Amino acid sequence: MSRGPAVAIRRILVAIDASPASLAAAAAAAELAVALEVELAGLFIEETALLELAGSPLVRQLSALTAESDRLDRTQLERQLRAQAGRVRRDFDRLAARSGVRSSFRVVRGQVAEQIVAETGDADLVSLGRVGWSLRHRRVLGSAARALLAQERRRTLLVGRAPRQRAAAAATAAGPLAIYDGSPAGDDAVELALQLGAPAGQRITVLLMGEEPAALRERLQTHLGARMQAVGVTVAVEPTPGGARRAVGRHRPGLVVVPTGGRHGEELIQQLLEETGGPLLAVT
């Protein structure tokens, strides 16, 4: 069943901090903002959970110079957060200026996942530069990513590696690759890939992922009509996240656009991030 035409993207919101992965996400978001000719909006979140820990006798901070520990003072922590927000804003403004896109920047306070969801609307694309903080599984999706992927009509750009780690792959990147599963979100993924590849004159690859690739190809043909001639179609050897991951690794696209519905949604995203590090644009 169709859910109607995809909502046009009007703004890309970047949840940004000082981490290398966050700066990588901002750079990837700026590239999309240029291609889509939309505003790039930076968002720095002062996390209340961290501030609430300040002053607790159970929480100590360790000096890198003296190796001595002391209580974490709330006033000092707030000053550090303001200074960090200032540095992040300067980096963001330089990136936006180099990209030549309209930009804005806000500092808010609250829970990270809640604030990101509250700041976004249907016409926004959200960029996240970290996928989680698990020490055992470093690429486990974090709470902010999970909150966005749980909502309908969302587009979330996930980046899991720093720019230096992505440089080699980016240098040989092909056009966008869309994974197609026959769902309405799959239709949107193909449309977004076409929209992003068009400014550079790139052909896109559509990776059919499902148990009946012939039926998927027919549905894609019906959806695209005459535009099908401009699209290279690749059928996954296996209708599994592992098969899709290997196919993406062979093609090395500049961007993967993936629908997140269905039984393989989160597992697929996890495996693709492990394979490529991003950027990965998840469509719900």
Where in region 199-284 are there helices (runs of 4 or more DSSP H), lying wholly inside it, with at least 3 residues that are free of Cβ contacts under 8 Å to residues at least 12 places away in the same chain? 213-224
When you check Leu177 against the structure, is it without any contact (Cβ under 8 Å) to a residue 60 or more places away in the chain and surrounded by 14 or more Cβ atoms within 10 Å (Cβ to Cβ), yes or no? no
Return the residues of region 187-219 that are modelled with pLDDT of 90 or more, more than 17 Å from the chain's Cα centre (by Cα) and more than 16 Å from Gly232 (Cα to Cα); say none if nothing qualifies. Ala215
Taking interchain pairs and intrachain pairs at least six residues apart, which have beta carbon atoms under 8 angstrom, with the first residue in region 108-122 and farther than 15 Å from Ala145 by Cα and the second of a type in the set (Gly, Ala, Ser) and modelled with pLDDT of 85 or more? Gly110/Ala118
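Considering only region 81-109, how many residues are closer than 21 Å to Pro20 by Cβ and open to solvent by 50 Å² or more (accessible area, probe 1.4 Å)?
Going residue by residue through region 81-109, those that are closer than 21 Å to Pro20 by Cβ are 81, 83-99, 103, 105, 107.
Within this subset, residues satisfying the condition of being open to solvent by 50 Å² or more (accessible area, probe 1.4 Å) are 84, 87, 89-91, 93-94, 97-98, 103, 107.
The qualifying residues number 11.
Yes/no per residue for (1) over 13 Å from the mean Cα position of the chain (by Cα); (2) within 25 Å of Gln151 (Cα to Cα):
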{"site": "Val237", "(1), (2)": "yes, no"}
{"site": "Thr240", "(1), (2)": "yes, yes"}
{"site": "Gly265", "(1), (2)": "yes, yes"}
{"site": "Gln270", "(1), (2)": "no, yes"}
Selection count, region 110-126, where residues are assigned to a loop (DSSP other than H, G, I, E, B) and either open to solvent by less than 30 Å² (accessible area, probe 1.4 Å) or hydroxyl-bearing (Ser, Thr, Tyr) (or both): 3
Step by step: first the residues of region 221-246, then only those that are farther than 23 Å from Ala200 by Cα and open to solvent by less than 30 Å² (accessible area, probe 1.4 Å), then the one that is modelled with the lowest pLDDT. Which residue is that? Ala236
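The values are calculated or read from the model by the stated rules, or taken from the named source; none is laboratory data. Fair warning: this is a prediction, and the values are worked out from it, not measured in the lab. Here the Cβ is made from the backbone with ideal geometry for all residues, glycine too, and neighbour counts use every protein chain on show. The area values use the complete protein model at the heavy-atom level, side chains included, leaving out ligands, DNA and RNA. Shrake-Rupley method; radii C 1.70, N 1.55, O 1.52, S 1.80 Å.
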